[in-house]
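J.: My questions will all concern the structure given below.
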Amino acid sequence: MESGALSSGCPQSAPTGPQGLLDGSVSESTPLSLLPDSSTDLKLALTTVSSDLEEKNSSLRGLLIFGYLAVIIVSLVGNFLVCKVIMKRKRVHSATGLFIVNLAGANVLITVLHTPFTLVNFISSTWVFGYMMCQLSRFVHHCSVSVSVLTLGAVALDRHQVTMHPLKARMSTMKGGLYIIVIWIMASCFSLPHALYQRLPQFATNETDHVICIPKFSNTLDVVRKYLDLGTFLLLYFVPLVMILAIYSLMAKKLWLRNAIRDTATEHSITRQQKKRMTLKMLAMVVIVFTICWLPLNSYEVLLSSRAIYSHDALYFAFHWFAMSSTCYNPFIYFWLNKSFRNELKIVLRSWWRKVMRRNQRQPPTPFRRIWRESYPFWESNLSAMPSENPPSGTDHTDIANINPVIEMT
């Protein structure tokens, strides 16, 4: 399982002998009851895990399974639509468009390479995907969060320049692309240590073997995990998001007070200010939702690595689901607070619907022509454009040049 769910987040006990599993002197397949006293931390953690697994009632289990499936489906569909709208309307040719697509890509990445494995792990109560996927899943978890935070920071800087210095040149597409490359490199470097320390110990609890995916440090390096998680929390979550919210606060102060101070303003200026306000509301909402969704899980993992609390399986999965749900909300925020995105999404969906109808309503043989015409979509129906069922008198053939197409191809 993931580090938060099955890590030894227990108060530290003094070792009285071999370091046990933590330093490799005890086999990773040793039954829980045979672990030496020096493995008290790990034994207590796994005992907690075992009791948590036994206490899972069917209603909670079903609720989380439904929640994870809903997150996966909504996230994939929603973020794909965001990318489709931006690419279709050619707004990707701006730095802001690139950042929004990058944000959607990070959400898709964690949805595909992390969330499904956690769901299966929750259902089976054991890790079944092997060592490489254990490391990859953890890497994607941290990399996606880091990319999202750094991308939100890049969006804030771009909007700050547009709002506070409107006469200066905006960030170019080339510069935005370079920022995205740097963001992914930085996120990968910061996430790699979390993946390298993942291990797959196996234990027998209540005559059942469990394989768990957890970070495992030796006692001498246990402090490394504490400061690694704490540093990640501060440098790649708390501090950047606080700075982003501070930047948006300065922008809001200028946008909402500017027209209040001016006695006169042109209609064009007022319209531009209103659009900037709505954009600021949308981006600030994205940051706030992301912050709220990830705060419980990040705080939980920091407290676990600091050994301030005990691990709790059900609590971890609840926090984990809440964090994963952050990948679903952005498309709805864009649709709610951005009229342009809302209109363009309707155009894309209408275009898809027409393609589906065209595919399903291809012209059948002549004997079924009447049935086909009656099933033609009502918003596309044009009786005057329909071809005549009876050919012109005096000929046995129909001149196709005189027939207008029933469905106009675009």
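The values are calculated or read from the model by the stated rules, or taken from the named source; none is laboratory data. Predicted, not measured: the structure shown is a model, and the values here were computed from it. Glycine also receives a Cβ, built like all others from the backbone with ideal geometry; neighbour counts cover every protein chain displayed.
J.: Return yes when Y300 is closer than 26 Å to S148 by Cβ, of a type outside the set (A, V, I, L, M, F, W, C) and under 19 Å from the mean Cα position of the chain (by Cα) and no when it is not. Working first, answer last.
T.: Details: closer than 26 Å to S148 by Cβ: yes; of a type outside the set (A, V, I, L, M, F, W, C): yes; under 19 Å from the mean Cα position of the chain (by Cα): no.
The answer is no for Y300.
J.: Suppose the filter is assigned to a helix (DSSP H, G or I), aliphatic (A, V, I, L, M) and farther than 18 Å from G97 by Cα; does L236 pass it?
T.: Working: assigned to a helix (DSSP H, G or I): yes; aliphatic (A, V, I, L, M): yes; farther than 18 Å from G97 by Cα: yes.
So L236 passes the test.
Condition check ((1) farther than 30 Å from L200 by Cα; (2) surrounded by 19 or more Cβ atoms within 10 Å (Cβ to Cβ)) across all residues:
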position: N79; (1), (2): yes, yes
position: A95; (1), (2): yes, yes
position: F99; (1), (2): yes, yes
position: T118; (1), (2): no, yes
position: Y131; (1), (2): no, no
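J.: Which ones in segment 109-158 are outside any helix (DSSP H, G or I), more than 27 Å from I180 (Cα to Cα) and in contact with a His (Cβ under 7 Å, 6 or more places away or on another chain)? So that I can check it myself, show each step before the final result.
T.: The initial filter retains those residues of segment 109-158 that are outside any helix (DSSP H, G or I), namely 114, 125-129.
Narrowing further to those that are more than 27 Å from I180 (Cα to Cα): 125-129.
Scanning segment 109-158 gives S125, T126.
J.: Of all residues in segment 205-223 being surrounded by 15 or more Cβ atoms within 10 Å (Cβ to Cβ) and either more than 29 Å from T151 (Cβ to Cβ) or of a type in the set (V, I, T) (or both), which is modelled with the lowest pLDDT? Give the derivation first.
T.: The first filter runs over segment 205-223 and keeps only residues surrounded by 15 or more Cβ atoms within 10 Å (Cβ to Cβ), leaving 205, 210-217, 222.
With either more than 29 Å from T151 (Cβ to Cβ) or of a type in the set (V, I, T) (or both) added as a condition, the list becomes 205, 210-212, 214, 216-217, 222.
Values: T205: 68, H210: 80, V211: 87, I212: 86, I214: 85, K216: 78, F217: 72, D222: 71.
The residue in question is T205.
Let's see how each residue does on (1) in contact with an Asp or Glu (Cβ under 9 Å, 6 or more places away or on another chain); (2) at pLDDT 90 or above; (3) part of a helix (DSSP H, G or I); (4) on the phi < 0 side of the Ramachandran plot:
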{"residue": "T291", "(1), (2), (3), (4)": "no, yes, yes, yes"}
{"residue": "L295", "(1), (2), (3), (4)": "no, yes, yes, yes"}
{"residue": "N298", "(1), (2), (3), (4)": "yes, yes, yes, yes"}
{"residue": "E301", "(1), (2), (3), (4)": "yes, yes, yes, yes"}
{"residue": "I309", "(1), (2), (3), (4)": "no, no, no, yes"}
{"residue": "W321", "(1), (2), (3), (4)": "no, yes, yes, yes"}
{"residue": "Y329", "(1), (2), (3), (4)": "no, yes, yes, yes"}
{"residue": "I333", "(1), (2), (3), (4)": "no, yes, yes, yes"}
{"residue": "W336", "(1), (2), (3), (4)": "no, yes, yes, yes"}
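J.: Which residue pairs have Cβ atoms closer than 6 Å, lie 6 or more positions apart in sequence or on different chains, and pair a first residue in segment 162-173 that is farther than 14 Å from R277 by Cα with a second residue that is loosely packed, with under 15 Cβ neighbours inside 10 Å?
T.: Short answer, once both residue conditions are applied: T173/H93.
J.: Also: Could you list, ordered by first residue, the pairs with Cβ atoms under 8 Å in which the first is in segment 186-206 and on the phi > 0 side of the Ramachandran plot and the second is surrounded by 17 or more Cβ atoms within 10 Å (Cβ to Cβ), at least 6 apart or interchain?
T.: N206/S50
J.: Can you run down the residue pairs with Cβ atoms below 8 Å, 6 or more apart or on separate chains, where the first is in segment 64-87 and modelled with pLDDT under 95 and the partner is acidic (D, E) and surrounded by 17 or more Cβ atoms within 10 Å (Cβ to Cβ)?
T.: Cβ pairs passing all conditions: V85/E344.
J.: Do the conditions hold for A169, that is, is it of a type outside the set (V, I, T) and closer than 28 Å to L297 by Cα? Even if it seems obvious, please write down each step before you answer.
T.: Working: of a type outside the set (V, I, T): yes; closer than 28 Å to L297 by Cα: no.
No; evaluated as a whole, the condition is false for this residue.
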